[in-house]
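Peer 1: Following this message is one structure expressed as structure tokens.
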2 protein chains.
Amino acid sequence: MEPITLLQPKSIVFGKDVINTLPEATEIKQSQRVLCVVATPLLKAMESVVQAIQERGITLNVLEYNYVGEPTFKQVNSLLEVSEAFRPDCIIGVGGGSVLDCAKLLAALTHNPQTLTDVSGIGLLNGRNIALICVPTTSGTGSEVSPNAILLNEETAAKVGIISPFLVPDACYLDPVLTVSLPPKLTAETGIDALSHCIEAFTNKFAHPMIDIYALKGIKLISENLKQACVKGSDIEARAAVLLGAMYGGLCLGPVNTAAVHALSYGLGGKFHVPHGLANAVLMPEVLRFNMPANPERHAEVARALGVTVTGDASAVALAGIARIEQLGKDCGIPQRLTDIGITKTDIPELATIAMKVTRLLKNNPRTVTEADAIGIYEKLL
Amino acid sequence: MEPITLLQPKSIVFGKDVINTLPEATEIKQSQRVLCVVATPLLKAMESVVQAIQERGITLNVLEYNYVGEPTFKQVNSLLEVSEAFRPDCIIGVGGGSVLDCAKLLAALTHNPQTLTDVSGIGLLNGRNIALICVPTTSGTGSEVSPNAILLNEETAAKVGIISPFLVPDACYLDPVLTVSLPPKLTAETGIDALSHCIEAFTNKFAHPMIDIYALKGIKLISENLKQACVKGSDIEARAAVLLGAMYGGLCLGPVNTAAVHALSYGLGGKFHVPHGLANAVLMPEVLRFNMPANPERHAEVARALGVTVTGDASAVALAGIARIEQLGKDCGIPQRLTDIGITKTDIPELATIAMKVTRLLKNNPRTVTEADAIGIYEKLL
């Protein structure tokens with residue numbers, strides 16, 4: 001086995017209603033001033049928890065987060081001013097991946113002379129002085145356990161990854177009740193995104209047995225429960241399973257990470273503002289079909305975790321798995337083609353150019369992707 | 001799924017030669033004074049790492065640990081005096097479970113007005129101010145990831161558990177090279193102990209899907225590699241697999257923990273000074289035979305993880321699994337009977353009395369164990 005470093009929150013609290021135990025978190029008990037960054041739709045759900053923390057004599061301010069899409073440099077800097085002025089010793093993020101990414105950056109950069117630009121890239125953060133708790137309310141990015149934060153550079157329309165061990169939260173609270181109000185469309189897109197984290201980690205060039213167990217468990221949980229979570233959003237068991245699956249997907253991101261699905265989706269998000277999960281969902285089956293010949297056995301294992309029971313050679317099993325992913329997308333109302341999300345043939349060269357620049361993910365792909373290959377994949381999806 | 005809290009080190013570094021990266025650990029870089037508690041046989045292997053840390057301008061003192069068996073209150077208090085005088089801001093433990101348990105307690109109690117007696121039990125520690133890194137050099141207790149420390153009360157001959165989230169280390173370094181010098185006998189005993197952590201967690205009354213994945217992976221890794229690690233200690237791949245399996249066993253301990261195997265072994269350790277791993281190894285097959293009817297399906301899953309391929313009803317598969325554990329013990333030179341380790345029929349009533357007091361573990365057992373049941377299990381092993 002290759003050497004590996006697993007980074008994760010010291011405390012992962014999972015289950016129905018665990019949000020009510022948040023005031024007991026060690027990080028909060030040890031704080032005097034807590035800044036709680038909350039996505040607008042969650043403000044109400046967090047009211048009683050906020051009050052319970054304040055009743056402990058802790059000064060807690062709520063900072064509403066109401067931006068759409070990946071946070072931009074300007075948006076994060078503007079929230080950073082609020083955080084600098086408040087001087088928190090603990091930051092809580094409550095929301096989807098963008099909110100959590102933003103909370104992670106606020107915790108790292110408040111009272112830190114480094115700027116967003118200084119830390120853009122891999123391993124550039126010098127440290128973090130503020131405790132950090134993440135509470136995901138979508139089941140997608142797994143940001144609550146990962147060392148990643150993704151921003152949008154509003155000037156170049158490029159996504160920028162900030163990756164550092166110091167961005168892994170100290171604790172995360174995974175409460176399916178907070179995901180119940182997520183509409184079916186977002187449930188589907190974020191869920192397939194989470195599935196793609198697991199699949200891209202398992203079929204990765206740098207796959208590792210210690211991550212494989214998370215990836216396979218995530219694939220199983222999401223594929224068995226995502227449709228139900230979309231169709232009947234109030235099903236707590238289904239919501240819990242998908243939330244947990246997304247967390248496992250997040251654990252895959254640090255040491256192994258994603259590959260060509262995510263690289264090819266960069267331009268869709270950055271340039272054409274297609275939501276991150278939707279972009280990955282549309283691309284995944286075709287990218288997997290491209291990748292499969294490079295390692296049919298691993299793709300067949302994915303298929304079996306997806307519930308495929310057909311026997312035969314690995315390629316056949318793997319293809320049945322890809323068909324199952326397509327069916328899951330259809331069942332959850334995900335568009336199948338780029339044209340369905342407003343992309344035309346003339347956009348493809350630019351998408352491919354952007355994708356080719358995402359070398360930090362392309363290097364993980366089980367099969368080399370040339371610019372021509374990327375164009376071919378996009379064209380098949382027209 | 002039931003709510004659960006997973007506690008683990010923020011950083012788990014695994015692989016051949018990773019000990020050489022220890023000087024780069026965030027916890028060490030952020031420290032001025034490091035106390036390194038090292039088991040006597042490891043002093044030499046740690047020399048170059050110690051020197052590399054000192055060359056960073058950090059004041060590092062090595063504290064040799066040369067006690068045998070679980071640390072006693074008196075022993076820990078004596079080392080605590082050394083630690084108090086040294087005023088470390090980071091403690092590193094290097095050794096087997098006893099050394100790590102001791103290092104964990106030193107990190108928690110140095111500069112802490114609480115005493116060992118104050119914190120004996122569950123959840124009584126108020127906090128920990130000193131960074132803590134654990135480096136296991138046996139593959140057994142999983143102490144490097146668990147919230148547990150086990151002491152021996154030298155006056156009552158009773159084992160005492162100190163269990164607290166603050167005892168979970170900040171980081172652990174799992175380097176199979178450091179386990180190579182462990183003699184076959186200790187390799188076998190600690191390895192079967194680790195296997196018992198996984199099996200007792202998986203068949204536990206409070207088993208949880210988030211722990212099951214660790215338990216099954218641990219069972220597989222240990223059962224496939226322990227014999228080779230005993231027979232050819234220099235096989236790094238086998239050593240790595242068993243070390244990792246033991247870590248997974250440790251992850252099982254916090255939220256789910258062990259059951260009757262460990263409860264029935266308490267008296268063997270505390271009263272008759274049988275090494276912890278050996279005591280569990282002798283008891284496990286018979287306890288599993290007793291437990292199996294309470295949940296044949298779970299015991300059959302254990303058997304499959306052990307590599308059993310027979311088909312049939314769950315009970316038959318489960319029994320084949322137990323037979324395989326016995327065979328593994330034999331292959332590794334583990335005694336099979338209590339009489340082989342110096343226990344006679346007259347000792348049994350006292351063993352049973354001690355076992356009955358370990359309610360914190362007995363409550364986890366899939367089948368209720370009465371005192372008569374305990375006596376029956378011991379007698380079968382004469």
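Peer 1: Could you give the angle, 0 to 90 degrees to the nearest 10, between helix B:209-231's Cα long axis and the longest principal axis of the Cα atoms of chain B?
Peer 2: Taking the Cα atoms of chain B, the angle to B:209-231 is about 90 degrees.
Peer 1: Can you tell me the 0 to 90 degree angle between the C-alpha axis of helix A:97-109 and the longest principal axis of chain A, rounded to 10?
Peer 2: 50 degrees
Peer 1: Mind scanning A:Lys227/A:Lys380; A:Lys217/A:Lys271; B:Lys74/B:Lys330; A:Lys220/A:Lys357; A:Lys16/B:Lys29; B:Lys44/B:Lys220 and naming the pairs with a C-alpha gap bigger than 28 Å?
Peer 2: A:Lys217/A:Lys271; B:Lys74/B:Lys330; A:Lys220/A:Lys357; A:Lys16/B:Lys29; B:Lys44/B:Lys220, as the Cα separations exceed 28 Å there.
Peer 1: Another one. List the distances, in nm and shortest first, from the label point of A:Arg337 to the matching label points in every other copy, placing each point 7 Å from Cα along the Cα-to-Cβ direction.
Peer 2: Those separations, rounded to one decimal, come out as 7.7 nm.
Peer 1: Taking the Cβ of each residue in B:Arg128, B:Arg367 as the centre, tally the other Cβ atoms inside 10 Å and list the residues starting with the fewest.
Peer 2: The order, fewest Cβ neighbours first, is B:Arg367, B:Arg128.
Peer 1: Hey, got the average number of other protein chain Cβ atoms within 10 angstrom for residues in A:136-143?
Peer 2: 0
Peer 1: Residues of A:205-215, mean number of Cβ from any other protein chain within 10 Å of their own Cβ, rounded to a whole number?
Peer 2: Average per residue, whole number: 2.
Peer 1: Going by amide H atoms built from the backbone, whose H comes under 5 Å of the H on A:Thr72, apart from near neighbours?
Peer 2: Under 5 Å from the amide H of A:Thr72 lie the amide H atoms of A:Leu152, each far enough along the sequence or on another chain.
Peer 1: Show that you can apply the helix-only estimate: for chain B, add -39,500 (n - 2.57) for every DSSP H stretch of four or more residues, divide by all residues, and state [θ] at 222 nm to the nearest 500.
Peer 2: The helix contribution divided over chain B gives -14500 deg cm²/dmol.
Peer 1: Can you work out the FRET efficiency for the pair B:Thr346 and B:Gln30, with r the C-beta to C-beta distance and R0 = 41 Å, to the nearest 0.05?
Peer 2: For B:Thr346 and B:Gln30, the calculated efficiency is 0.15.
Peer 1: Which of B:Tyr173, B:Tyr67, B:Tyr214 moves the most in a Gaussian network model of chain B with Cα springs under 10 Å?
Peer 2: B:Tyr67
Peer 1: Rounded to whole Hz and in sequence order, give me ³J(HN,Hα) for the range A:181-196 from the Karplus expression 6.51 cos²θ - 1.76 cosθ + 1.60, θ = phi - 60°, writing x for Gly and Pro.
Peer 2: Whole-Hz 3J(HN,Hα) from phi for the range A:181-196: 7, 5, x, x, 4, 5, 4, 5, 5, 5, x, 5, 4, 4, 4, 5.
Peer 1: For chain A, what does the relative contact order come out to in percent, with C-alpha contacts under 8 Å and a separation of six or more?
Peer 2: Normalised by residue count, the contact order of chain A is 16 percent.
Peer 1: Compute the helix-to-body angle for B:236-253: its Cα long axis versus the longest principal axis of chain B, expressed 0 to 90° and rounded to tens.
Peer 2: For B:236-253 against chain B, the angle is about 80 degrees.
Peer 1: Could you work out how far the C-alpha centroid of the range B:81-153 sits from that of the range B:184-243, in angstrom?
Peer 2: 24 Å
Peer 1: Considering only the label points, 7 Å along Cα→Cβ from Cα, what distances in nm to one decimal separate B:Glu224 from the same position in each other copy, shortest first?
Peer 2: 2.2
Peer 1: For A:Glu379, A:Glu224, what ranking results if the residue with the fewest other Cβ atoms within 10 Å of its Cβ goes first?
Peer 2: Sorted ascending by nearby Cβ count, the order is A:Glu379, A:Glu224.
Peer 1: For the range B:3-71 and the range A:257-308, what is the centre-to-centre distance using only Cα atoms, to the nearest Å?
Peer 2: What the calculation gives is 40 Å, centre to centre.
Peer 1: Please compute the net charge surrounding A:Gly140, taking Lys and Arg as +1 and Asp and Glu as -1 over other residues with Cβ under 10 Å from its Cβ.
Peer 2: Around A:Gly140, the charge tally is -2.
Peer 1: Copy-to-copy spacing for B:Glu64, label 7 Å out on the Cα-to-C-beta vector, in nm, shortest first?
Peer 2: 6.7
Peer 1: Let me ask something additional. By counting other Cβ atoms within 10 Å of each Cβ, how are A:Ser83, B:Ser48 ranked from fewest to most?
Peer 2: The fewest-first ordering by Cβ neighbours comes to B:Ser48, A:Ser83.
Only the coordinates and a few stated rules stand behind these numbers; no lab work does. Everything numeric here is computed off the predicted structure, so don't read it as measured data. Counting neighbours? That spans all protein chains shown, and the Cβs are built from the backbone with ideal geometry, glycine included.
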